[in-house]
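Here is the structure we will look at, set down as structure tokens.
We did not get these values from a lab; they are worked out from the coordinates using the rules stated. Keep in mind that this is a model prediction, so the values were computed, not measured. Every residue, glycine among them, receives a Cβ derived from its backbone with ideal geometry; neighbour counts consider all protein chains shown.
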Amino acid sequence: MAASGGDAKLFARGKVAELRQELLSSSKKDKNHTAKKIALKKIVANMTMANNDMIALFPDVVAQMHIQSLEIKKMCFLYLVNYARMKPDIAMKALPVLKTDVGDTNPLIRALALRTMGYVHVREYVEACLSLLRNLLRDPDPYVRKTAAFCVAKLYDHDKALIEASDLIDKLNSMLKDENPTVVSSALAALLDIWERSENIKLTIDYSSASKIVQILPDCSEWGQTYILEALMSYVPGDTAEALLLAERITPRLSHSNSSVVLTCTRVVLYLMNYIADEVQISSLCRKLSPPLVTLLAKGPEIQYLALRNALLILQRRPEVLRNDIRVFFCKYNDPIYVKVTKLELIFMLATERNIREVLTELREYATEIDVHFVRKSVRAIGKLAIKIEPAARDCIDSLLELVATKVSYIVQEATVVIKNIFRKYPNRYESIISILCQNLDSLDEPEAKAAMIWVIGEYADRIENSDELLDDFLYSFADEPVEVQLALLTATVKLFIQRPTKGQELVPKVLKWATEETDNPDLRDRGYMYWRMLSTDPELAKKIVMGNKPAISAESEKLDPATLEEMCLNVGTLATVYLKPVQQVFRNARARKLADSPALQKHTLPTVVAMEQHKHLPSILNGAGPSPSVQGESEATNRQNLSAAVDAADAYFQSLDTNMAGMAINGDDGFGGSPTTAQAGETQYVVNQNNPQQIYQPQVGSGANGDLLLL
Amino acid sequence: MISGILIFNQKGENLIFRSYRQDCRPRLADVFRIQVISNPAVRSPILTLGSTTFSHVKHENIYLVAVTKSNANAALIFEVLGKLVALGRSYFGKFDEEAVKDNFVCVYELLEEIIDFGYPQNTETDTLKMYITTEGVHSSGTRSIEDSSRITMQATGALSWRKPDIRYRKNEAFVDVIEDVNLLMSAGGTVLRADVSGQIIMRAYLSGMPDCKFGLNDRLLLDPASLAQGGPAVGNTAGAKATKAAAGSVTLEDCQFHQCVQLGKFQNDRIISFVPPDGEFELMRYRATENVNLPFKVHAIVNEVGRSKVEYSIAVKSNYGSKLFATNVVIRVPTPLNTAKTTERVSQGKARYEPEHNNIVWKIPRFSGQSEFVLSAEASLSAMTTQKAWSRPPLSLAFSLLMFTSSGLLVRYLKVFEKGNYGSVKWVRYMTRAGSYEIRF
């Protein structure tokens, strides 16, 4: 550039005719082509501004390419890459210039020309590149060789078949023996890029090659190191000792200052662990993974976020990795909201009976912050901790009540929802809170909170003195409520009637009539009819069914499912870890990664295999998972009998019904291990409705046009 | 990998659009503008829409965006955006809208060079400056072949961060140990979290290819018993013990090093060994969580009197040697949103109410060791129609304190070995700053 900086004035919309004149004006005095450079700069600026008129200047720009000025060349090439697709015929005219440059004695020019040619998506360019590459892949200069390596991947992007038919991929393979580490890492990156885009290409790295590329790691740039580490994911250890040795050899990379090296290295170590048999060695490796992950929290917020999302993932696969102090995940006041929310999730997952007091103090603090979404999440987390850590339930409830006392509407509503779940988990305990909840009925305006409160009233209708009045109040606006609330009201009214027939006898017919005759919603109508028939056929059985024991709930349900977990662990550090969803659900074009089988694979430790084993023993687990076995041993046993009796009765009942009811039996996907909860079909659906929105992590993958993937 | 790099200003004007793959179409600039810049609901740095992912960072008044089409390495994306910012600052002094507009052609040149087909290439400032310059003197095409070969060797070599022919008349190295101490203290005065994240910045003005060895009072190195394999290569056991007794040692939770440090050597025998880049660079970062010395103790009493008044009494005590002094101590005391006016009295420095930040800002330019100052203040509140409890955000401190390390870290030696066998002068400075130094009340 003629002068440093000061180009802002060129950053303005220009007219084609004027720019052409400037570009073509040539004066003998202007030896440095200053006028041309300025014109080209203006053209580049207009190109950036998506001023598509610029395309009209294509022939004029091509005419400048022969000028022996690197600066002019670079701008012309940039223009060419941008517009070649739209005017392939004009782009053709630039090809001879580029071909000449590829033969230049200066390696920087050779590389620049080759790089540019590779970008142009025009058949003649691709073909020209193809023939030039044979020589350039063996260029004496390493800088040209690494550019050539990437160029193969570029051509593959333009024309798969052409490259597959040529010997370029083989040539690329042989570059892995190059003496220059940068060339090797570039060739690997190119091969991986090709692999990613074609299902019919396999990439396998044997132990000796893996060992060789690990050897050159220290001599590569930070990016080269990342490419090599990524390539190691294609190495399948055949022997557990080899896996261990390789893992040991790459762990020094965990101290690199570049987080992509650190996280990619973490990915490879986690991957190799699947093939290592020795538990002692595994925990030693886990200990090495921990500090670097925490250190990433001192980086910029984006990297912090990424590290935290990956911590959430790694925690589920290898809990030992994050055995350290939970306090490193406490939020700073100025953390961006996305960091805070992820930290909150981690705090929830790391909370145990030992640190619960500390955690609760912290969460209470968060619950008074400004960001409404974060506050809600904090309140939910407190409630879920009550469910997750039984001995701490009392403390959690006290914290919630403290928050309810603030009378801030959204806090009260959020607390109401989680308290309902606490009742589900610990039936017939903590009933003293009901009266406090009842004091805040007026502040409930969100459907979920309303439904929760109505559930509580219905469930404890016999213990709330004025339950009928409270329900009646809610019923006043029955017709205007969303279905979620209407369903809750219907069920609660039936419960009231069953428990206190005298108080409920006026309400029930009214509600059943609304539900069956005055609604357009099929679910509501079906449920209404179901209750109606039950109550009229056999009230005793209806009581058993409606008031029967509900399956236990747990806070575990928000863990990733085993298959996803296994897949995500092969993708540590990638974009998918931000979403914690199966890769192809978010990135349809991504090539799936699977753990390759080998004699060394420690199958019994894989999440999917473990889950399958557990599934086999499911019946026994279900029996053992009742709430607090110590407290209510005997009564629980009878409860269980009641439940199974109810289940049987309901099964029989449903079999006799029309097929349109059968659909309801399918919603077993509610985290209860497919237990036969159809007995309370109405209830089950209700539970699903309530559990889904409070998933504490798992951002919703955008459906619809907006597709906002952010945590809500 | 990366399909394109885009830069926008805050208004959403596209300043740079560089595509590396055909799938990065111009209309994506509009998508980003609409979905991120003008959408206040977006709060994540990563946004996936259909098959396109936008990863962005904000720096000064510009957005730097990477467009990807598959499940790319997210860490790499953010690192390369960070590198771009660092390069921009090194080339143009700062990297904001003005700098980008003033140098947009140079930014394009850099983007052409540091990323090929979406894969980051050599991003070392020193090497890049050999052939991409803001002056354009070298880009005239008259450069000799030898020069170019030297550049290409440098850009692909194992020591890509250092030119071979550096000469200084006076060989010097400056080491700055800078610690950010983070504190989170509860209202009750218990330390919820205290840790130190430190960085060691080196400015090396050394000739030739110097081999440097750098030693800290690292507990693992000084206490041979805790060193798992391989003995410490420096000093005998007795010597090391003596030093430890004299200086104390520090347990480093974790260290991260510049590309130039030989990581294998560090893992095996905890020796920090490297050939430094020329000039300033960050040699390492570390974290320490044990025995953190807190330079300031804060005792805050904040009372909400009814709904009309908040009373503050804040005492700050310095907890370091009386010969040392901290500079630019700033204490930010949050006030409720409906504060109408405040009165404050201080025993040192100046306090002022900043309504735009809802803070009383108390500044003490020089805070000597072992002393205590007090702020008493009162905030009168205006009546509000809706009574919402005050969230009481934490009180925060900023300061910098020379010749003090919160972790207790010390530099024990810096040895320089070079073929020329020249003598060199080394300087070490220590500084502790407030990272996130927060006290709840």
Quiz item: What is the extension gain from B:ILE301 to B:SER380, computed as 0.36 nm multiplied by their sequence separation minus the C-alpha to C-alpha distance, in nm to one decimal?
Solution: 26.8 nm
Quiz prompt | Total formal charge among the other residues, if their Cβ is under 15 angstrom from that of A:GLU179, Lys/Arg +1 and Asp/Glu -1 | solution = +1
Self-check item: Total charge dipole magnitude, segment B:312-382, about the Cα centre, Cβ charges on Lys, Arg, Asp, Glu only, Debye to nearest 20
Solution: 260
Quiz item: What FRET efficiency, computed as 1/(1 + (r/R0)^6) with R0 = 41 Å and r the Cβ-Cβ distance, is obtained for A:SER554 and B:LYS58, rounded to the nearest 0.05?
Solution: 0.55
Quiz item: Rounded, prolate or oblate: which fits segment A:286-361 when a ≥ b ≥ c are the square roots of the eigenvalues of the alpha-carbon gyration tensor, with rounded for a/c under 1.5 and prolate only if a/b beats b/c?
Solution: oblate
Self-check item: B:THR343/B:LYS213 FRET efficiency (R0 35 Å; Cβ-Cβ; nearest 0.05)
Solution: 0.05
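With a cut-off of at most 11 other beta carbons within 10 Å, and DSSP calling the residue loop, which GluC sites (Glu not before Pro) in segment A:344-378 qualify? Please list them. The partial results should precede the final answer.
Values: sites: A:GLU345, A:GLU353, A:GLU358, A:GLU362, A:GLU365, A:GLU369; in loops: A:GLU353, A:GLU369.
Here the sparse-neighbourhood loop sites are A:GLU353.
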Practice problem: Tell me the label-point distance for the pair B:ASN291, A:LYS99, using the 7 Å Cα-to-Cβ offset, in nm and rounded to one decimal. | Solution: 7.3
Quiz item: Of all trypsin sites (Lys or Arg not before Pro) in segment A:437-524, which ones are in loop regions per DSSP and have a Cβ with at most 15 other Cβ atoms within 10 Å?
Solution: A:ARG463
Practice problem: Using per-residue counts of other Cβ atoms within 10 Å, averaged over each peptide, order A:130-141, B:30-41 from highest down. | Solution: A:130-141, B:30-41
Quiz item: Other chains near A:323-330: what is the mean number of their Cβ atoms within 10 Å of each residue's Cβ?
Solution: 3
Quiz item: Of B:GLY50, B:GLY369, B:GLY420, which has the largest mean-square fluctuation in a 10 Å C-alpha GNM of chain B?
Solution: B:GLY50
Quiz item: How far is it, in nm, from the label point at A:VAL609 to the one at B:ARG89 when both lie 7 Å from their Cα along the line to the Cβ?
Solution: 4.9
Quiz prompt | Partner chain coverage, peptide A:79-91 - average Cβ within 10 angstrom | solution = 1
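Sort A:382-388, A:66-72 by packing, meaning the average of other beta carbons within 10 Å per residue, with the highest value first.
On the way: A:382-388: 24.0, A:66-72: 17.9.
For the peptides A:382-388, A:66-72, the packing ranking is A:382-388, A:66-72.
With a/c under 1.5 counting as rounded, go ahead and sort segment A:468-587 into rounded, prolate or oblate using the C-alpha gyration tensor (a ≥ b ≥ c being the square roots of the eigenvalues; past the cut-off, prolate if a/b is larger than b/c, else oblate). Present the calculation step by step, with values, prior to reporting the outcome.
Numbers: a/c = 3.21, a/b = 2.41, b/c = 1.34.
Prolate, since a/c reaches 1.5 and a/b exceeds b/c.
How high is the FRET efficiency between A:ASP60 and A:ASP167 when r is their beta carbon distance and R₀ equals 35 Å, given to the nearest 0.05? List each step's numbers first, then the result.
Working: r = 39 Å, r/R0 = 1.13.
Using R0 = 35 Å, I get an efficiency of 0.35.
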Quiz item: Under the definition of partner shielding as Cβ atoms of other protein chains within 10 Å of a residue Cβ, what is the mean value for peptide A:104-111?
Solution: 6
Quiz item: Can you give the helix-only mean residue ellipticity at 222 nm for the protein assembly as shown, where every DSSP H stretch with n ≥ 4 adds -39500 (n - 2.57) and the sum goes over all residues, rounded to the nearest 500 deg cm²/dmol?
Solution: -13500 deg cm²/dmol
Quiz prompt | Anisotropy class of segment B:296-402 from Cα gyration tensor, a/c 1.5 cut | solution = prolate
Quiz item: Can you pull the semi-axes for chain B, root of five times each eigenvalue of the Cα gyration tensor, sorted largest first, whole Å?
Solution: 42, 36, 19
Quiz item: In terms of the ratio Rg/(2.2 N^0.38 Å) built on C-alpha atoms, what value belongs to segment A:85-191?
Solution: 1.01
Quiz item: Separation between the A:MET86 and A:ILE201 pseudo-spin-labels, each 7 Å from Cα along Cα→Cβ, expressed in nm?
Solution: 3.1
